[in-house]
Amino acid sequence: MEEGQERVVSLPTEAGLAEERMLGAELVREMVARQARGEGAKRIARELGVDRKTVKRWLRLARWQPRRGRARPRAIDQFADFLERRGPEVGWNGVVLHRELVSLGFTGSYQQVQRFLHPYRAKQKWAELATVRFETAPGEQAQVDYGQLQVWIGEQRETVHLFVFTLGYSRRLFTRGYHNERLATLLDGHERAFRHFGGVTLTCLYDNPRTLVLGRSESKVLWHPLFEDFARYYGFTPRACQPYRARTKGKVESGVKYVKRNALAGRRFASWEELNSWLERWSAEVADLRIHGTTHERPSERFAGEQLTPLGARPPYRYERVRLRRVAKTPLVAVGAARYSVPVEYVGLIVSVHESPGHYEIFHQDQLVARHPKATRHSVRMEQAHYAGLLRVGQRHGPPAPPRCDPNFGPLGEVMVRDLALYEAASQNEGGGAQ
């Protein structure tokens, strides 16, 4: 078939154009099939109800082709070069560009400008969304994030804040569930992750958590001073994602989804301790042994190539926050929106509450009087031994004794209790007098 025959020829009449627009690929294939059976164009046109010239043209092409319309010249096309150069400078703002085009002699409408800019805006949008995967060298980076999930613990659904720490090179992860995302729990998660992996990466990447990032000044991140001290203690450099560019932290965000969907989907636990025990076992038995979708290796095997900075003999970071509280009559101490018991003899006294990542220790004059694991908000932690000697609520007692020293009660007073021998002697004396 010659090249000239591949071109669709425009029909001369409006009726023909409308008819051609109604033709589809199925109808054209039927024309070709009928011709192969020996039918002529006149008969095909008559039976299919199509113009004979149209049938002949499709039979000549032997297959259906979409109609190639001719591009009509537009008034805005002469300003295309200006728009391509000026557009990025004004953020492809159609109002601004239309105003400037009018000053250059453009007579078209604002909608024409908007239609012209549409493909350029779409291209810019996809360029902003596109992210090049950044692979890190062994021991170079870890990514840290939180994820929230509703989990059944005991008889109620609890909001679990999942701390997820992912090594950038090997993709090994450490995860633990917490009641909140405060600074104390964040430091505790780091501490446990470092001990779990046996070392520290050179940098840790974060998605600007408010507990750590206090703000920015001249493109410099202002970190919480306590967290800065923690980072110096372990020798890593904290880094924050650019605002609204959290996808640069994709490894750990994928890890958060993986924990939610694989480790905790449909699970129920008797306690928080059981939840975290399961997460630790799941990490070792499932997450570390899977074939990772990106590296195509097991994280446990790839971890052999990680070059973490060893912890050595460095003791755990000591983080304490001290508060002063007066012991209530209950006797309970209020701290962190919860209440904790102390021995009854400290009622009314001032005690100091030392907060560590997982516990509260209560001291009186440098003496430890109580130690409690952190409780959920508005809950109460009580130890039975702290209430020794106190009457229990609801316990029954005998009626109170009547007053015995009321001087006004004498005439109606109580019956005096005397020895029976006195009554016997008195009766004998009365009898002797009668004789």
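The values are calculated or read from the model by the stated rules, or taken from the named source; none is laboratory data. Being a predicted model, the structure only gives us computed values, none of them experimental. Counting neighbours? That spans all protein chains shown, and the Cβs are built from the backbone with ideal geometry, glycine included.
Structure summary
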item: Residues of region 318-329 that turn out to be surrounded by 15 or more Cβ atoms within 10 Å (Cβ to Cβ) and at pLDDT 85 or above, as a count; result: 2
item: When residues of region 355-389 are limited to those that are without any contact (Cβ under 8 Å) to a residue 12 or more places away in the chain and assigned to a loop (DSSP other than H, G, I, E, B), the one surrounded by the most Cβ atoms within 10 Å (Cβ to Cβ); result: GLN365
item: Every residue from region 255-280 that is of a type in the set (A, V, I, L, M) and surrounded by 15 or more Cβ atoms within 10 Å (Cβ to Cβ); result: VAL256, VAL259, ALA263, LEU264, LEU275, LEU279
item: Residue list for region 281-306, restricted to those being of a type outside the set (A, V, I, L, M, F, W, C), touching a residue at least 60 places away in the same chain (Cβ under 8 Å) and surrounded by 13 or more Cβ atoms within 10 Å (Cβ to Cβ); result: SER283, ASP288, HIS292, THR295, PRO299, SER300, ARG302, GLU306
item: Condition broken by PRO310, with the remaining ones in (1) surrounded by 17 or more Cβ atoms within 10 Å (Cβ to Cβ); (2) in contact with a strand residue (DSSP E or B) (Cβ under 6 Å, 6 or more places away or on another chain); (3) farther than 21 Å from ALA184 by Cβ satisfied; result: (1)
item: Matching entry among ALA385, ALA304 (being at pLDDT 85 or above and within 23 Å of ALA142 (Cβ to Cβ)); result: ALA304
item: Unmet requirement for VAL113, which otherwise passes all of (1) surrounded by fewer than 21 Cβ atoms within 10 Å (Cβ to Cβ); (2) modelled with pLDDT of 90 or more; (3) assigned by TED's automatic domain parsing to the domain that holds ARG85; result: (1)
